[in-house]
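**Q** Have a look at this one before I ask anything.
Readers should treat all values here as calculations from the given coordinates under stated rules, not as data from a laboratory. Note that this is a predicted model, so its numbers are computed, not measured. Here the Cβ positions follow ideal geometry from the backbone for every residue, glycine too, while neighbour counts run over all protein chains shown.
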Amino acid sequence: MSVKAQIVNLLSDLQDELGLALLFISHDLAIVEHLTHRVAVMYLGKIVEVADRRTLFAESHHPYTQALLSAVPVPDPTIKRQRMILTGDVPSPINPPAGCRFHTRCPFAFDRCRTEEPALKAVGNGHMSACHLDHAPGTQLVA
């Protein structure tokens with residue numbers, strides 16, 4: 001773990017000292033939160049949400065992003081968080097389903113999701129989401 005922390009700190013220092021822009025691809029959301037300025041969340045090769053780091057972690061819009069964030073461990077055991085458990089099989093990225101690629105696992109999917117691929121659209125200041133659901137950013141959906 002200390003080697004990972006050293007690498008992340010080195011990248012952060014280089015970013016600050018040299019004014020570097022980094023494209024950082026990771027499944028480790030704790031590092032993503034620590035190292036990035038803007039975040040794009042992808043599902044089966046498609047971007048489903050883009051926002052600045054603070055907005056994404058505090059006011060996520062897309063159900064997949066919310067499910068990912070609900071799975072991040074919280075170091076304080078007294079803090080209880082509503083987990084969004086995804087069911088269903090992950091579709092093949094070679095042959096993704098019609099409509100929204102996430103609809104086979106989304107607890108909020110409805111008919112339009114199964115037939116029409118959602119466009120990445122603005123849901124806030126610099127915050128974009130590809131979802132047919134009409135809810136305010138930061139609204140926690142409950143399955």
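**Q** Given the options GLY124, GLY45, GLY19, state which has the largest fluctuation in a GNM of the chain using a 10 Å cut-off (strictly under) for Cα springs.
**A** Evaluated over the chain, the most mobile residue of the options is GLY19.
**Q** Please identify the longest segment of the chain free of exposed trypsin sites (Lys or Arg not before Pro), where exposed means a DSSP state other than H, G, I, E or B and no more than 14 other Cβ atoms within 10 Å.
**A** Within the chain, the longest run free of exposed trypsin sites (Lys or Arg not before Pro) spans 1-79.
**Q** Please give the helix 2-18 orientation as an angle from the longest Cα principal axis of the chain, in degrees from 0 to 90, rounded to the nearest 10.
**A** 80
**Q** How large is the charge dipole for the stretch 38-142, taken about the Cα centre, if only the Cβ atoms of Lys, Arg (+1) and Asp, Glu (-1) carry charge, to the nearest 20 debye?
**A** The dipole magnitude comes to about 180 debye.
**Q** I've got another one for you. Run the numbers for LYS46 and ASP89: contour at 0.36 nm per residue of separation, minus the present Cα-Cα distance, in nm.
**A** 13.7 nm
**Q** Here's a follow-up. Show me the chymotrypsin sites (Phe, Trp or Tyr not before Pro) within the stretch 23-123 that DSSP assigns to loop and that have at most 11 other Cβ atoms within 10 Å of their Cβ.
**A** Passing sites in the stretch 23-123 are PHE110.
**Q** Expected output is a single nm value to one decimal: the length gained when fully extending between ARG38 and ASP134, i.e. 0.36 nm times separation in residues minus the C-alpha distance. What is it?
**A** Length gained, ARG38 through ASP134: 32.3 nm.
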